[in-house]
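The structure appears below as structure tokens.
Derivation of every value follows stated rules applied to the coordinates shown; laboratory data play no part. These numbers were taken from a predicted model, which means no experiment stands behind them. A quick note on method: Cβ atoms are made from the backbone with ideal geometry, for glycine too, and the neighbour counts reach across all protein chains shown.
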Number of protein chains: 2
Amino acid sequence: MTSAGNTIDDEDTFKILIATDIHLGYLEKDAIRGNDTFVTFDEIMKQAMQNEVDFVLLGGDLFHDNKPSRKTMHCCIEVMRKYCMGDRPIIFEILSDQAVNFSHSKFPWVNYLDTNLNISIPVFSVHGNHDDPTGTDGLCAIDLLSCAGLINHFGRSRSVEKLEISPVLLQKGNTRIALYGIGSVPDERLYRMFINNQVTMLRPREDEDGWFNLFVIHQNRSKHGATNYIPEQFLDDFLDLVVWGHEHECKIAPVRNEQQLFYVTQPGSSVITSLSPGEAVKKHIGLLRVKGKKMNLQKIPLQTIRQFFIQDVTLSEHPDLFRPEQPNVMLKVMAFCQEKVEEMLEEAERQRLGNPLTPEKPLIRLRVDYSGGFEVFNTMRFSQKFVDQVANPKDILHFIRHRESKDNIKEECMDFEALLSRPTSEVLQLRVEDLVKEYFQTAEKVCILYMCVEDADQSLVNIPLKRDRYQRFIQQFRDSKRNTAEEDEEVQEAIIRAKAHRDHRDSVRDDDLNLSDEPADIAVESDEESVCLCLCSVHLQNTNLKEVCIYVCK
Amino acid sequence: MTSAGNTIDDEDTFKILIATDIHLGYLEKDAIRGNDTFVTFDEIMKQAMQNEVDFVLLGGDLFHDNKPSRKTMHCCIEVMRKYCMGDRPIIFEILSDQAVNFSHSKFPWVNYLDTNLNISIPVFSVHGNHDDPTGTDGLCAIDLLSCAGLINHFGRSRSVEKLEISPVLLQKGNTRIALYGIGSVPDERLYRMFINNQVTMLRPREDEDGWFNLFVIHQNRSKHGATNYIPEQFLDDFLDLVVWGHEHECKIAPVRNEQQLFYVTQPGSSVITSLSPGEAVKKHIGLLRVKGKKMNLQKIPLQTIRQFFIQDVTLSEHPDLFRPEQPNVMLKVMAFCQEKVEEMLEEAERQRLGNPLTPEKPLIRLRVDYSGGFEVFNTMRFSQKFVDQVANPKDILHFIRHRESKDNIKEECMDFEALLSRPTSEVLQLRVEDLVKEYFQTAEKVCILYMCVEDADQSLVNIPLKRDRYQRFIQQFRDSKRNTAEEDEEVQEAIIRAKAHRDHRDSVRDDDLNLSDEPADIAVESDEESVCLCLCSVHLQNTNLKEVCIYVCK
């Protein structure tokens, strides 16, 4: 019996290994990184075994491809058979109706109760967006594992109209866990289902408050457009802990949602699938202990993750080193970039020395802001110097341009400029209809303006729009509004008008106001040429701030 | 304990269910036939369970596609988990080194000895040409099953240069089986390996003659070209029974090879994959009993096979009904064909009444020889009458032309005619070189003439050729030679000359003569426009006949 944190591993304590977004098979054909996902999956399952967990809980995207390659499937089966089968007894019970929990399965019961399988570590998983069910049979990759008795696939729904989530009820000693899950659903659809009160989480009849309510979800947590994510506030407040899959940044330390009074843990992916800052965060899995209604989450750093160093440089911030007008500026810039990469490589080497499991070649990304008259250079030739040292020689450098003045398109977006030139108070008193009318009077017809009060599906006016044109507008608009408590009254008026718009809805939920009033932020979809604007009144929750804001969504 | 045939199911009797070419997933997207393979696989495994066999032996092509669909894989896993797992004890031992037998597996031991799996019916299988290993990892579809512990994949070789087949040694009571297997290898390659003495079947050291030697092979058994099949004579004569996969016609009753003194059983496919006469033969699987060196093979008719009726009609044989010159001949022919199809449908209906497991709609094929001036008609319109009655409404009719005189191309092939016009004895005394020389003097350059003595890979002269032109030639040539014992001397001469051609070979095996002297026949690849001729001297084994013959190969 071991102890960790405040929790003793006694007969009442569930020990659960949580991980998500393992993305088996990601870049499997890459000569350097091809085996990364398999190696790390092995590490994760080995941790489960060594920590003698009661079960493993996965948050989706076990596989990277919807149709994993034979090699990927083979590696997965191998690892699961190796670590999940054995003689260690399983000392927790399942109390719920398994035929309901696993109704989609040909073997609708947990694998560890199958007398033909000697399971030592049951794995429970929802599916993610990468490995979601497809085709007329509605099968997904983990259904093959499920059929083979290697995984317990839960959180599936047969309906696309409504979700009724029946928890898997587990008991160990005196601790009881109600395990809820929703396999990945397109965010917009699930958002709508929540809004329309079509998501129901069933509660155990007996001793409703005696359960630790654990919920696994695989959706956007950060806002990618107005309705293209799931606000935490949508989730029932009886929950105790939400394990949030899909988001790749490791934010595994549970964060308390002060309104809903549950905690959210976001384990993050166990493989770096994009060379962005979020993936540079040290990756962990979690060892969750639950005793009664108390929990403790111990972070376990993953040892086999390929190192990833990312650094941003802005060329114009180094006038002492080079200026655009200098004759040999490009060579100087190259030398500067090379130095930065070498610094990262040295740091990687230093850190790797302490850990023999770390793959040899790190991922390196140098983002070079060349704004201000600098020119890009041939990244291929630059990369050749590092071809034997880094895992991503082809894309070490990334040239970006920030804060470029957009003088050349100024005249095209003058309609927005005109809006902005008014006093903020005047903008807020405009009705959305007025805004649209005014917009149409000047705008060309190549953009989309979404106006919505609550969800983008109703009462919308669409006007095509190019993205370059709104960013400054929005930023200025937000800057003018942020933290200006004195304008609260005006905002309040806008909200009241906004509410009037949704009064026509038939079945307004009691908590509608809460739902619409979640924290607002502007999410800009990258790489999208055409986008939508959502004009929306918002109340910043957990603060006294309120603002009217224009949303940009995909 | 039950009895069947002459064999009592006692503790010394192995009971083995044999089947092959199940082709899971064949036509899986067909609305009518899509589930046929799954249903029949279920039937086969159910038979294994009901007959309480010791194990199932499959001869390859369990899957139709090298990369089976998710549905196919799911169905397969489901059936295997359903029937192969359970508490019935397994009462035979494995005596061989499993790490050798299953060296390619991540779990190199038979599944029924894995303490984590409760296997009631082990399945042993080689792979076929449809589900053979591919890719850098050399994995095949059944390796996924093997990794999941559902199948024992044997008969794999890591080398493409030579095969050393180490048998799986099994013992039940006093009966001992040495189970040999070769997963599918391209026929030409395996042929060459046999010829070059690169195939070795290892024998158990202990009591070499005390074993029942069972061999599973998945290759062409019928000749598709000179070296594009495996002659039975290639196989070691210590074998007792050969289970021959790949060939789809059910010839399951063991046939004794009088030279090698073993038996061959050809279970045939369990699904109709082509509408040819071979597939119309009633399909069976086998219940093989082995006690000591004795065996008994009980045929088990499959109940779920879709009915298939095929009939040939030759329009010119019915001058009383229609003649080509009649004005409304096409309508009469259509009515005639319709009648034939209806007869088959009625017969199908009658037969189906006795068996509730038979799928409702039969496969119907009417082959219409329209030679003699008849014209084809629109088969689509014809088929519409039967769209609700047959499983293959799109291709009921097949128009063929037989025995057409090829007057219009006569001058092009006069070189062959000229050859034929000579006395046979003269032909036989020609050297192949002479034939080629003569051929070139007259022939156009659009054909291929292969001359080979033993295998088609050496000393060849290629001349393009169209297939229409050689058939009569070959037939006449053969007719003139067949069973003419009086010409033995001339044939002998030809053989001697032929042998001279191969004398340059470096490593002549002791049994080369036997190998090259296997029975000869002319195999004509259908649907091939361009083919090759092989001029070859052949000795008909097990007879006193010898002949010089022209081979046609692809």
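Quick notes
- For segment A:1-133: rounded, prolate or oblate by the Cα gyration tensor [a/c cutoff 1.5]: oblate
- Debye, to nearest 20: dipole size of segment B:329-400, +1 on Lys, Arg Cβ, -1 on Asp, Glu Cβ: 140
- Neighbour-count ranking [beta-carbon atoms within 10 angstrom, fewest first] of A:HIS127, B:HIS104: B:HIS104, A:HIS127
- Our summary gives segment B:14-301 a relative contact order of 19 percent, counting only alpha carbon pairs under 8 angstrom and 6 or more residues apart.
- In chain A, the beta carbon lying closest to the axis that superposes A onto B belongs to the residue given here with its whole-angstrom distance, A:ALA148, 2.
- When you count the other C-beta atoms within 10 angstrom of each residue and take the mean per peptide, A:141-148, B:23-30 line up highest first as A:141-148, B:23-30.
- Inter-chain shielding of A:221-228 (mean C-beta neighbours from other protein chains, 10 Å cut-off): 0
- Highest-first arrangement of A:367-378, A:180-191, where packing means the average Cβ count within 10 Å: A:180-191, A:367-378
- Projecting 7 Å from Cα along the Cα-to-Cβ direction, the label point of B:ARG192 sits 6.1 nm from its equivalents in the other copies, listed shortest first.
- Around the Cα centre of segment A:234-388, unit charges on the Cβ atoms of Lys, Arg, Asp and Glu (plus for the first two, minus for the last two) sum to a dipole of about 740 debye.
- Here, P(r) means the percent of Cα pairs in each 5 Å bin from 0 to the largest distance; for segment B:307-348 it is 5, 22, 28, 20, 12, 8, 3, 0.
- In the assembly of identical copies, B:SER316 has its label point, taken 7 Å from Cα in the direction of the beta carbon, separated from the corresponding points by 8.9 nm (ascending, one decimal).
- Over segment B:312-409, Cα pairs under 8 Å with separation of 6+ residues give a relative contact order of 32 percent.
- Given charges at Cβ of Lys, Arg, Asp, Glu: segment A:1-96 dipole, positive-most of A:LEU17, A:THR72, A:ASN51: A:THR72
- Label 7 Å beyond Cα on the Cβ vector: A:MET380 copy-to-copy distances, nm: 5.0
- Share of pairwise Cα separations in segment B:329-400, more than 18 Å, in percent: 39
- Compactness of segment A:81-168 as Cα Rg over 2.2 N^0.38 Å, two decimals: 1.10
- Shape category assigned to segment B:14-301 from the gyration tensor of Cα positions, a/c cut at 1.5: rounded
- As a rough guide to protection, the peptides A:280-289, B:342-351 ranked by mean Cβ packing within 10 Å, highest first, stand as A:280-289, B:342-351.
- For segment B:269-366, the fraction of alpha-carbon pairs in successive 5 Å shells from zero, as %: 2, 11, 16, 16, 13, 11, 10, 8, 5, 3, 2, 1, 1, 0, 0
- The charge dipole of segment B:82-205, taken about the Cα centre with unit charges on the Cβ atoms of Lys, Arg (+1) and Asp, Glu (-1), comes to about 360 debye, rounded to the nearest 20.
- Shielding of B:111-120 by partner chains, average beta-carbon count, 10 Å: 3
- Entries in B:LYS15/B:LYS46; B:LYS223/B:LYS299; A:LYS251/A:LYS340; A:LYS82/B:LYS162; B:LYS15/B:LYS172 that, when Cα-Cα distance is taken, lie over 21 Å: B:LYS223/B:LYS299; A:LYS251/A:LYS340; A:LYS82/B:LYS162
- For B:65-72, mean number of other protein chain Cβ atoms within 10 Å: 3
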